[in-house]
Each structure stands twice: as C-alpha cells, then as structure tokens.
There are 2 protein chains.
Amino acid sequence: MAHENISSDEDLQITVIGAGTIGLSLAALHLTYLTVPSNLTIVDVRPDLKSHLQENLPKFLPESLHMSISQIKMASSVPSAVRGSAIVQECGPESIDFKAALWAEVEQHAPPDALFWTSTSGIPASRQNALMQDKSRLIVVHPFNPPHILPLLEIVPSPQTAQSVISRTLEFWRRRGREPVLLQKEVTGFVAGRLAWVLLREAIHLVDQGVVTVEQLDRIMETSMGPRWAYAGPFKSFHAGGGSGGLEALFRNVGPTVQACWDDAGKLNFHEGWEDNIYRQAREAYQVPNLEERDRANRGVLQTVQEVKRETRAED
Amino acid sequence: MAHENISSDEDLQITVIGAGTIGLSLAALHLTYLTVPSNLTIVDVRPDLKSHLQENLPKFLPESLHMSISQIKMASSVPSAVRGSAIVQECGPESIDFKAALWAEVEQHAPPDALFWTSTSGIPASRQNALMQDKSRLIVVHPFNPPHILPLLEIVPSPQTAQSVISRTLEFWRRRGREPVLLQKEVTGFVAGRLAWVLLREAIHLVDQGVVTVEQLDRIMETSMGPRWAYAGPFKSFHAGGGSGGLEALFRNVGPTVQACWDDAGKLNFHEGWEDNIYRQAREAYQVPNLEERDRANRGVLQTVQEVKRETRAED
C-alpha cells in the first residue's frame, strides 16, 4: 500500500459504524494510515465486538499491524463514539429507517465540521438525510468490495450536500492514493453497480437460455474483458479498437452487430424462474470462495497495471 | 507464452486469410508454435502484402521470431494457398457475401479433413455455410482482440457442424494453452460481445445523462470490476460476495437494488443523438492509443493471475 502524500490527517479521529465485511475492510484501510491506532473507533451493537475484531480484522491487515488492533477503540452506541470524530463513516445495514435515524443522532453529537460518509450501495444521501437538521453534511462514499484493496470510491452528493464537504472528501481519499470519482447526479445503484448488474443480467440470460454454463461465462470474462478492463475501461478499450478513427470508426464497422445485441439483450427480472438453475450452478462450480487468493490476485493485478503505466511514463 | 503440451501439430500447415489486425495477430500466434515458419501461409489481395507483413507483424512477435517472418508463405488467391492446409482460418471482411463465396471456394481446394475456422464477430456459421456442399466442416472460432495475448476463443458450431470438427478444434487450442469455450447455441454477437455491448450501452447512457464523463467511467471500471473480473468472472465474484450463502444470499440482500437498476437501465439505440458527445469525449480523453503499453499490461495481468492461482495450488 502506497504511503506517499500523507498529510497531517493521519492523526484525525475516525469512527467507523458497523463491523460487517465492509466496515472491517475500511477500518483496516484507515489503520494502515493512522499513526495512533486509538484514533480509530469502531461502533457495533454486537456483544462480542472485541473478539470479533481480534478474529477477523487480521485478515485485512499485514502482519506488522496486527498488534495495533488491540488499541482500536470500541463502542456500542453512537454519542460518545462520534464526539471527537473528524470523520464518521457508516457501514451499517442497508435500511433507510436505520440510516435516517442514525444521521439524526450522529449530527447531535459529532463536531460541527465532521464529515459524514455513508457506504450505502443504493440509498441516496437525499433520502438518508431526511431527519437531519443540516442536510448539507452528508455524502455517499461508496466503496467497492474489498475496499482495503480496490481503490474505487464513488462520491455521490445529494443536491443539498455542501461544496466544502465534497471537496474535503475528495481530497482525503486522493491524499491516501485511492480513486475517488465524483458523480454529478444521484442515480439508482450509482455507476459501478449499474454497470455490473446490467452485465450480470445478460450473463444470467445467456446461462438461462443454455448458451453457456455459469463457469464458462466466468472463464470468458476472465480471459477477455477482465484483463482488458483492468488496464483500460470500456471507452478507452473500444476507442483503441477502432484504430486511428477511434470509437466512431469502430462503431461504423460493428455498429449493426452492436445494435443487434442491444435489440436481442435479455430482459429478465427476479421471480421469473431462472434463480434455481443459476444458484445451483454457482454453488456447484465454486463452493467455498478463497478470499485470500482473491485478495492477492486483485492486489497483484492493480500493481501490475500501475507498474506498466509507470514504465511508459519513464520512457517518455 | 507457454509452450508446454505441444504435440505434432506444430508442423501442421496453416493458412490465414486476411492480413488485417486480427489476421496478423493470429498469424503471430501460430508462428510462435510452428517449428517451420513456411508452414504458415497468409492470403491477402493487397499488392504490398510483403512489406505490410515486414512492417506490421514484428509488433506482435518477440525479437527472436522476427527473422522467421521472411519465411512465411504469401498468396493473393485461395486455391493454391489452401491446397495442403490442415487449417484454414478466415479473418476477412465482415460481409456475408464475401464469406459465403470464400467457403465455397476453400472447400473445393483444401484437403478433405482440413478444419475451416471463421473469426467473424457476428455472422454465424449457419449463414456463412450457405454455398458449401459439406456444411459440416465450418465452425466459428471467435478470438478476442488482441488474440496473440488474450486467451479466449469462442467456439460456435452451426447446427450442421460435425462433432469431430468441434472436438478437433477444441483440442487444437487446448494444446496451445489457450482458452477455447464451446457455446451450445448460435447467438447474436456470441457471449463476450453481448456482455461487452450491453455494458457499453449502460456506460453510454450514464455519460449521455451527465452522471459521469467518459474518462470517469473508465476509471471506475479500472479500479473496481476490471481487476476483480480479471481474476474471477461475474458469477464467481458475486458468489464470493454473498459469503457462505453465495449468490443466493447476495441477491437476498441486494436483489431490490439490482432489480431497480435493471428497471432503470438505459435503452438507447444508435442514431438517437448521443454519438457526437461520446465520440468527442473519447477523442479528447485518449488521442492516439498506446497499443504497446496495452499489450504489456494485458500480458502482465494474465501472468499475475496465473501465478497467484499456481501459488494456491502449490500450497494445497
């Protein structure tokens, strides 16, 4: 993990609410940057919070940081946990009632300039802020699982979010070498989610129609678009595919096939009977996932692409 | 490039028809496996074929193989080029008239057991075989650009394709360490194309709506799904995301958001006015693509994932 460009915010007090997978992964990410581990507080109502952290947080951290886990502060309720916090990052249940009540409470007890971040994958800030007195303080910071490895953070303000909240949030993540991307509008499922789910819908359709199996479809992705998109997103990739004429030239050539695929794309929905076949194939193909292998692979892929780009810049 | 598992077919005579980007890339791939470079023939009507190969083929090959380029056979017409061929691999223009006439001619002059492969990205074998006497011989072998690097080959028989043609085609590519995936049915755009185009449609929609720019959308992909899908396709990734309950548990949790994204997905088509904005943004963001960097990155990503998987197997 790169530690360049760290400024004084390595000593900020940060509170993470919720010790599920995303909360733990984000806590681990913060811990790698904090000089004083006790500046991190984790809030969760589970009675076994201490043993839960001792057991699960090491999975997200290098050996050298395992000792610091015992110094993290723990809390079971919000008021005292957020009192001195510069950042409150919520990773709780995906429920509008939970989140709206939480922010109203957080707002009462946190310092007036604290940043309020929600990790929601689908409930926009403009709904979560319903019970807040000052709605300008809340912003979506949507990580991509696992966030201690994958650099993306979708930053999604509500129409009420203050410009200073947006810019301080972007700056924080840029200083940490992560990739915050500011969306210009609130949109259902944000961008990464929409792209992933629309592709998965077509993937389910093709398996449902018996064209390929779940496992074949995954192999297709892993040996074609996956490696390609790890280096260059779809626009950059297809722009290169069009040669000197770019995306426009590509579409002049393959446009009719593209339109035919769009016309023929699957339009299936939940509860239409495809579920059993898909779930069964996924279970039979993959059983217990090897998350340790996944993490090593994701980290390695990101490093490889960074190194190749660094070499190019060095040659220029 | 892995050279394990090479059998005697390193001495097969192979004819590649069409010296465009895909034809050259596939020719380069064959050249890395052939012990006798003159067993490879490239057919193209362009008058400057020799200088075209000398200039462009080295881009696809390691230094050590540049000398062998001068030994490749060249031809401007089909009959003599395919006479002794064990494999005829077509990479010509994406035109049904061209391809149907070509296969009728190839069939007359090639050996009776030669394999006929078309690299088409959209015209199924069942249409290309219209003028053939023996329609059982033709099969789609759809590579993913650039095929000398990305391992995927979509193998798509027509209903008339012989089982022996299917199995010999799969075996050939498996022996070369590539990833042939057999589709059970002919389907518009095949699988990789459909997945890519349906995602690109949503990507265009999100840029068109002003949610993100072309460049932001690409960064989102490069820092989230790209690295993830380079290691594990969408089903495997989301199955892992659901913990011990797998894909079914994941959908129990995020299903409503997924359905909302499906309901809200863009349904745009060509000629609806989005093109100028998208093409302009792509041109401004990317200018001339660095294909050399792309190739190094794609190769590096594939190697990284392979190494991580090999390490896991060694630990087991």
Condition test on residue A:143, is it within 23 Å of residue B:260 (Cα to Cα), crowded, with 19+ Cβ neighbours inside 10 Å and more than 7 Å from chain B (Cβ to nearest Cβ)? yes
Kindly indicate whether residue B:202 is open to solvent by less than 10 Å² (accessible area, probe 1.4 Å) and touching a His at 6+ places or on another chain (Cβ under 9 Å). no
Quick one: residue A:156 ticks every box in (1) within 26 Å of residue A:35 (Cα to Cα); (2) in contact with a strand residue (DSSP E or B) (Cβ under 6 Å, 6 or more places away or on another chain); (3) free of Cβ contacts under 8 Å to residues at least 40 places away in the same chain bar one, so which box is it? (1)
List pairs: first residue in the range A:82-105 and open to solvent by less than 10 Å² (accessible area, probe 1.4 Å), second residue of a type in the set (Lys, Arg) anywhere in the structure, Cβ distance under 7 angstrom, at least six positions apart or on different chains. A:90/A:99
How many of the residues in the range A:103-122 are assigned to a loop (DSSP other than H, G, I, E, B) and more than 14 Å from the chain's Cα centre (by Cα)? 5
Counted residues, the range B:20-60 - those being in contact with a helix residue (DSSP H, G or I) (Cβ under 7 Å, 6 or more places away or on another chain) and not small (Gly, Ala, Ser): 20
What is the residue count in the range A:210-226 for residues that are more than 7 Å from every other protein chain (Cβ to nearest Cβ) and among the polar types (S, T, N, Q)? 1
One residue from B:137, B:168, B:176 being open to solvent by 40 Å² or more (accessible area, probe 1.4 Å) and away from chain A (no Cβ under 12 Å): B:168
Among the residues in the range B:232-239, are any at pLDDT below 95 and either over 21 Å from residue A:25 (Cα atoms) or within 7 Å of chain A (Cβ to nearest Cβ) (or both)? no
Suppose the filter is open to solvent by 20 Å² or more (accessible area, probe 1.4 Å) and of a type outside the set (Val, Ile, Thr); does residue A:114 pass it? no
The condition of being within 7 Å of chain B (Cβ to nearest Cβ) and either open to solvent by 90 Å² or more (accessible area, probe 1.4 Å) or closer than 18 Å to residue B:246 by Cβ (or both) holds, among A:297, A:260, A:265, A:282, only for A:282
Which strands (runs of 3 or more DSSP E) sit wholly inside the range B:1-102 and have at least 3 residues that are within 30 Å of residue B:296 (Cβ to Cβ) and at pLDDT 95 or above? B:14-17, B:40-43, B:87-90
Condition test on residue B:248, is it facing chain A (nearest Cβ under 7 Å) and either at pLDDT 95 or above or open to solvent by less than 10 Å² (accessible area, probe 1.4 Å) (or both)? yes
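The values are calculated or read from the model by the stated rules, or taken from the named source; none is laboratory data. Being a predicted model, the structure only gives us computed values, none of them experimental. Counting neighbours? That spans all protein chains shown, and the Cβs are built from the backbone with ideal geometry, glycine included. Calculation scope for accessible area: heavy atoms of the full protein, side chains included, ligands and nucleic acids excluded. Shrake-Rupley method; radii C 1.70, N 1.55, O 1.52, S 1.80 Å.
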